Amino acid sequence: MTSLIHQPHAAASRTRQFGPGPRRWSRTDPATDGCEDAFEVRPAGDRDTMEDMAKREKVLQVSDLTKKYGDHVVVDGFNLTVRAGEAIALTGRNGSGKSTVLRCLIGADRPTSGRVEVLGRKASETDPQFRTDVATIVDDLDFFPDLSVVEHLDLLARAHGMVDPDDLVDEILAEVQLVPQSGQLPGTLSSGQRRRLALATALVRPKKLLIMDEPEQRLDVEGVSWLGKRLAHEMTKGLAIVMASHEPRLVKAMGARIVRLGDESETNESLVEPEQAL
Amino acid sequence: MSANSKRRRRQSKPNRPQNPPLPEPVEEELSSSEWEPAGDFADVEDYEVAQTDERQLRLLMRDWRRGRATRSLWDMVTDSYVALFSVVMILAMVVSGIMSIQQSSAGCGTEACTTSRGLLPWLMTAAVATTTVSLCRIFGPVTASAAEGFWLLDAPIRRSRVLNRRLWTVVALAFTGGAAVSALVLLLSGLAWYAVVLWALGAGGLAAGIVGLCAQEQAADRMVFVRVVQSFWIIVATATLLAMIAVSAGWLNLPLDLAHTEFAGWIVLGIGITGAVGGALAGRIHLGGVGRARLVSGGDLLSGLQGAAFALDFALMRDILVERRWMEHGNVTPERGRAVGTAAIVSREIRKLRRSPGRLVTLGLSIIVPYALLSIGLGNLTPALAGLVLVFVMIPLFDSMRVVNRTKGLARCFPMSASELNTALTTLPGALAIGWALLVTPGFVLLGSHPMGPIGAAQGFVTAMAGYVGAIRWVSARPADYSMPMVATGMGAMPPGLMFNMFRGIDMVAIITLPLIIGWSPLISVAIAVIAYLVLRSGQLNLNAEELMERNLEARQELAALRSQSSGKQKITYTRTRR
């Protein structure tokens, strides 16, 4: 099992966000500093072969997932297997069922039939182990109105067992470029900043599967570029990702496999390349 | 459309030139790639621009509103006659009750009675002023909807002229509302009729003056003065309330008689009228400088609260107000957390309490309630009444639990079950409730209906548990489910649970304290409270009907799957042998 105690990176110039006094936030992440080479696409050679992939641990297994609202079938017999270090991008038109699939995966909606397993256990939103393994960013994320940005991240990291999360919190804050807003309360953040905070909540905690619904929403160009690189980096550490997205550059940057919903081939996993699918 | 409306509409139209002649229809269809207008581009400079008249604009708006009404006032009355009839009946009962209480109050000649009656007008005036300034601080007092902010306030017109009528409406509302509420309560005190009128008009005038001054501060985009006024009146109201309780309980003796109170009524009336005129004029003079953001933010808040009020979702109304309060706060000095796991959540709750200690002060002040109730001889009813007060005092202590329970997104971020998370979030309020119980227990032991006995000692804890569990119920209950089939009532269709939802929290207090009221052992109350806490903590009561049905269906599916698996294997049969 992965150690829950984070080993902080050796950052040369690091500042604290806690306590009173002036804040000296000067460090910026080179990854988000400018967007000249912003959308770096993971080359096909970097991706694991099917044989390598097959050896990896199955993180998510979806079998014959069907979701109906009354007589209206939104998702019909959806199957998916996601292994460690693999990213899946669900694409398709508005209303094709991407968000419904994701909500079924995280247990926010109950499927009409079918089975969802995470690391061999039946997915259940109320299961503490599920909550430990799976980080989610969907639209129903709320924040405490009286906790500042940095305190949210500190609380989540500590709740997940991190004894001294200060360095990690600092770095994540700098990455999502919320350092000047670290003491702000969520109600005063812009929609883009709230999105960045939502992303930070997923990055500040240990996880094995990350499920996101259009993570690029409300992010600026630099933000999308950073997100692609950051997620690709997480994948190299074994994180499995499932996301719905309409942003081809993000999908390409991550080298994600694409499952296109709303097509006749929906019941099987689609393995089309991003250029063909988006 | 009436003749008047037509006339207004004609009047409201500025002098415009005749529209330019339409271009001749083009015979050949334009392809999408060469999308170009057939004639010249329309330029605004080609049109005459008249001076905008605020009055005409207002008439035009009124005409639009009336023209789009689909129901007349009579239609509305016939639709809601049952509700109106009920309101009339209830009002008649209230008036009858007031007359009866007024007569019995006037007959009470003890020193405590006289002093309390003398303090009541002061308390009401302070309460009206506090409420008015608090509402002004939240809403504006002058507001505009988002649409008005975009369409109306952006027009090249004098803003003060458009908002003038709105300010006078709010001032008038404050005056009549403050005077009416004050008069209604003062009628209970047994004061002479003219004294009631004096104090009521004084309170109304004070409220109107506060509205005017707040409008002036709104125009200047300042909050400091409003905060100072609010703090002043809160202190005055609290001190008067405490003095009144102390006098009623016989702990304090104040040399107040009705003659003093009636004389003071004239002074308050003078201050009120002066304040009303001065404040309203100050507000009117500065009204033109009020910023659009300040106007629209109050309007947005009002529309949000209206929506929640129509759904009778008081928790949502409170959420909106809490959110607004912290948005005004904007920034905080971040504090580093402590510990890990659920202990980190408890530790964070302690820091949050330190950040806004007002909640603790209110809880501390509520300790006096059971003492006061016991001292006036309410005996076994004290746990129920004090528990009810405690519910509303404790609700702010469960703000975090409310956030976690209203949407699932944040709860999913924590690596623990709903029970564990709720336990962590209720630990600090639980500790405070125990402290509250310890502090009120001497009152129950010394002044209660079971003095110096174990039942008296237990009553304090039962009261605290009732308030604690009631507050948990209040913050964690789901709102009424409008997706379910509606129930037909005299007041129209209602979702099931809407009415019960109004009594959430109160129901727990009633269930827990009922055994004490009917004289059963307090242990029964404790047992009920523990069971209720465990159920609420697990979140099971928060499931709506659809979720319960889904869970039921899922359980049946799993059972069917198990049966089908076992049917493939050899069945073990057992046959009872007959003897």
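Figures for the structure shown
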| quantity | calculated |
| --- | --- |
| Lone unmet requirement of (1) under 21 Å from B:Phe139 (Cβ atoms); (2) in a helix (DSSP H, G or I); (3) not aromatic (Phe, Trp, Tyr) for B:Thr240 | (1) |
| Residue tally, condition within 7 Å of chain A (Cβ to nearest Cβ) and more than 15 Å from B:Arg355 (Cα to Cα), over the range B:301-328 | 1 |
| Selection within the range B:247-300 - of a type in the set (A, V, I, L, M), surrounded by 19 or more Cβ atoms within 10 Å (Cβ to Cβ) and in a helix (DSSP H, G or I) | B:Val247, B:Ala264, B:Val268, B:Leu269, B:Ala276, B:Ala280, B:Leu287, B:Leu295, B:Val296 |
| Residue match in the range B:106-124 (condition: in a helix (DSSP H, G or I), at pLDDT 90 or above and either in contact with a Gly (Cβ under 7 Å, 6 or more places away or on another chain) or among the acidic types (Asp, Glu) (or both)) | no |
| Given (1) modelled with pLDDT under 90; (2) surrounded by 14 or more Cβ atoms within 10 Å (Cβ to Cβ); (3) under 26 Å from the mean Cα position of the chain (by Cα), index of the condition B:Gly307 fails | (2) |
| Meets criteria (assigned to a loop (DSSP other than H, G, I, E, B), modelled with pLDDT under 90 and closer than 17 Å to B:Trp122 by Cα) for B:Leu191 | yes |
| Residue in the range B:410-426 that is crowded, with 22+ Cβ neighbours inside 10 Å and in a loop (DSSP other than H, G, I, E, B) present | yes |
| Residue satisfying condition, being more than 9 Å from chain B (Cβ to nearest Cβ) and part of a loop (DSSP other than H, G, I, E, B), within set A:Gly107, A:Gly95, A:Gly114 | A:Gly95 |
| Contacts under 6 angstrom Cβ, first residue in the range A:175-187 being of a type in the set (S, T, N, Q), partner buried (at least 21 other Cβ atoms within 10 Å of the Cβ) and part of a loop (DSSP other than H, G, I, E, B), 6 or more apart | A:Ser182/A:Gln17 |
| Residue check for B:Ala200: assigned to a helix (DSSP H, G or I) and free of Cβ contacts under 8 Å to residues at least 40 places away in the same chain | yes |
| Residue within the range B:374-381 that is within 24 Å of B:Thr238 (Cβ to Cβ) and part of a helix (DSSP H, G or I) present | yes |
| Boolean, B:Gly460 is crowded, with 19+ Cβ neighbours inside 10 Å, assigned to a helix (DSSP H, G or I) and not acidic (Asp, Glu) | yes |
| Matching residues in the range B:402-417 - criterion: being free of Cβ contacts under 8 Å to residues at least 60 places away in the same chain and more than 7 Å from every other protein chain (Cβ to nearest Cβ) | B:Val404, B:Ala411 |
| Selection from the range A:126-141 of residues that are at the interface with chain B (Cβ under 7 Å from one of its Cβ atoms), crowded, with 18+ Cβ neighbours inside 10 Å and within 21 Å of A:Ser99 (Cα to Cα) | A:Arg131, A:Thr136, A:Val138, A:Leu141 |
| Residue satisfying condition, being crowded, with 24+ Cβ neighbours inside 10 Å, out of contact with any strand residue (DSSP E or B) (no Cβ under 7 Å at 6 or more places or on another chain), more than 8 Å from chain A (Cβ to nearest Cβ) and touching a residue at least 12 places away in the same chain (Cβ under 8 Å), within set B:Leu385, B:Leu390, B:Leu381 | B:Leu390 |
| Test: B:Pro429 is more than 10 Å from chain A (Cβ to nearest Cβ), assigned to a helix (DSSP H, G or I) and crowded, with 20+ Cβ neighbours inside 10 Å | yes |
| Cβ-Cβ under 8 Å pairs, at least 6 apart or on other chains, the range B:335-351 side in contact (Cβ under 8 Å) with a residue 12 or more places away in the chain and under 15 Å from B:Leu428 (Cα atoms), far side surrounded by fewer than 20 Cβ atoms within 10 Å (Cβ to Cβ) and small (Gly, Ala, Ser) | B:Val346/B:Ala339 |
| Per-region count, the range B:329-344, residues facing chain A (nearest Cβ under 7 Å), surrounded by 15 or more Cβ atoms within 10 Å (Cβ to Cβ) and either more than 16 Å from A:Ser148 (Cβ to Cβ) or among the small types (Gly, Ala, Ser) (or both) | 4 |
| Residue within the range A:69-77 that is within 14 Å of another protein chain (Cβ to nearest Cβ) and modelled with pLDDT under 90 present | yes |
| Subset of the range A:142-189 (residues that are surrounded by fewer than 23 Cβ atoms within 10 Å (Cβ to Cβ), more than 8 Å from chain B (Cβ to nearest Cβ) and charged (D, E, K, R)) | A:Asp164, A:Asp167, A:Glu171, A:Glu175 |
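Every residue, every condition in (1) in a helix (DSSP H, G or I); (2) within 14 Å of another protein chain (Cβ to nearest Cβ); (3) modelled with pLDDT under 90, yes or no:
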site	(1), (2), (3)
B:Ile511	yes, no, no
B:Ser525	yes, no, no
B:Arg537	yes, yes, yes
B:Glu550	yes, yes, yes
B:Arg556	yes, yes, yes
B:Leu559	yes, no, yes
B:Arg563	yes, no, yes
B:Ile572	no, no, yes
B:Arg576	no, no, yes
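Matching residues to (1) charged (D, E, K, R); (2) free of Cβ contacts under 8 Å to residues at least 40 places away in the same chain; (3) more than 14 Å from chain A (Cβ to nearest Cβ):
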| position | (1), (2), (3) |
| --- | --- |
| B:Ile395 | no, no, yes |
| B:Ser400 | no, no, no |
| B:Ser419 | no, no, no |
| B:Ile434 | no, yes, yes |
| B:Ser449 | no, no, yes |
| B:Val469 | no, no, yes |
| B:Arg473 | yes, no, yes |
| B:Met486 | no, yes, yes |
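Residue by residue, here is whether (1) of a type in the set (Ser, Thr, Tyr); (2) touching a Ser or Thr at 6+ places or on another chain (Cβ under 6 Å) holds:
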{"position": "B:Ala339", "(1), (2)": "no, yes"}
{"position": "B:Ala343", "(1), (2)": "no, no"}
{"position": "B:Leu365", "(1), (2)": "no, no"}
{"position": "B:Ser400", "(1), (2)": "yes, no"}
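Yes or no, residue by residue, for (1) more than 21 Å from the chain's Cα centre (by Cα); (2) among the β-branched types (Val, Ile, Thr); (3) outside any helix (DSSP H, G or I):
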| site | (1), (2), (3) |
| --- | --- |
| A:Lys68 | yes, no, yes |
| A:Val73 | yes, yes, yes |
| A:Asp76 | yes, no, yes |
| A:Asn79 | no, no, yes |
| A:Ser124 | no, no, yes |
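The values are calculated or read from the model by the stated rules, or taken from the named source; none is laboratory data. Predicted, not measured: the structure shown is a model, and the values here were computed from it. Don't worry about glycine lacking a Cβ; one is built from the backbone with ideal geometry, like all the others, and counts go over all protein chains shown.
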